[in-house]
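Coordinate-derived values only; no laboratory data. Not measured: the values here are computed from a predicted model.
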Amino acid sequence: MINLVDYFLQHNIDIFNYLIKDSEIILILFNNKKQIVNCNNYFLKYIGENSCPSGKSIYDFFDVIGSGELKFKTSYIPLNGQIIESENNSILIAHPSHLTENELILAMTKMTNELADLTRELNKKNLELESANKTITKLMYKDPLTGLFNRRRLDELLNKEITKSQRHNLSLSILMIDIDFFKKINDSYGHDIGDVVLVEVSNKICASCREEDIISRFGGEEFIVALPNTDCYSAMECAQRIKESIEVLNISPIPYKVTVSIGVSNLNNITDSQQSLIKRADIALYKAKKLGRNRVENSLYKK
């Protein structure tokens, strides 16, 4: 007796063409290695493909293949079906089963639980990404020792403040702060103690400034503080507070006072750039050092 599969394949009769193209049942032709040879459009609809996944195993698509019962890996809808075998090729024929009310509820509950799990996992990944972005931002913009803004971030923020101050005719002042004889501290007591000094000084600077002030480590033992909406007189007062708070520090094993020299400059709303504003503060700082250190000096400024 000729096998039904072989009969279909040998004669290519109309019913086989119908099953392949137009029927609303799943039809898959596979070889004895369980590899798909051909399939119909209805199966492609279920798996969301445009062409037959030839060469793939039928086990890539089904969890259960048995007598009368099949189950898609990607769907909760069970299938009623049958496999018609021959020596070389076999045909899988199946159609969706109708779910009972309880089965439908169970399927929906399972899908809801899996969606909740996926949502929790997505939220976890988003939190991890947010944390990673914060870490990257900190590495990009913060000095790792003191936690102050680094020079790159200072450039960005100070340019914005200068533009805003010039546009709205607002005051803006700059403090350039340098730790006196810092090289001597490093040479005499080591870089570990030098790092302690940098941290303690940065803490005192922060404690003497407002929340809106921009405080940065400019490089080495130098710091810059930008004081928005602050004229030169008020900036001199702020610089004096910083100087006085630092000179009372006791940092072991340093037997003498740690002090700073500070130069102050004020924005000229017409002509100043970031470079010229910082340069004038640097000139005032040099003046403070030349006059004996542990003091505050200001550059020429426009009220």
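General observations
- The ellipsoid equivalent to the alpha-carbon distribution of segment 126-200 has semi-axes of 29, 24, 7 angstrom, derived from the gyration tensor eigenvalues as √(5λ) and listed largest first.
- Note on segment 30-50 and segment 202-246: Cα centroid distance 73 Å, given to the nearest whole angstrom.
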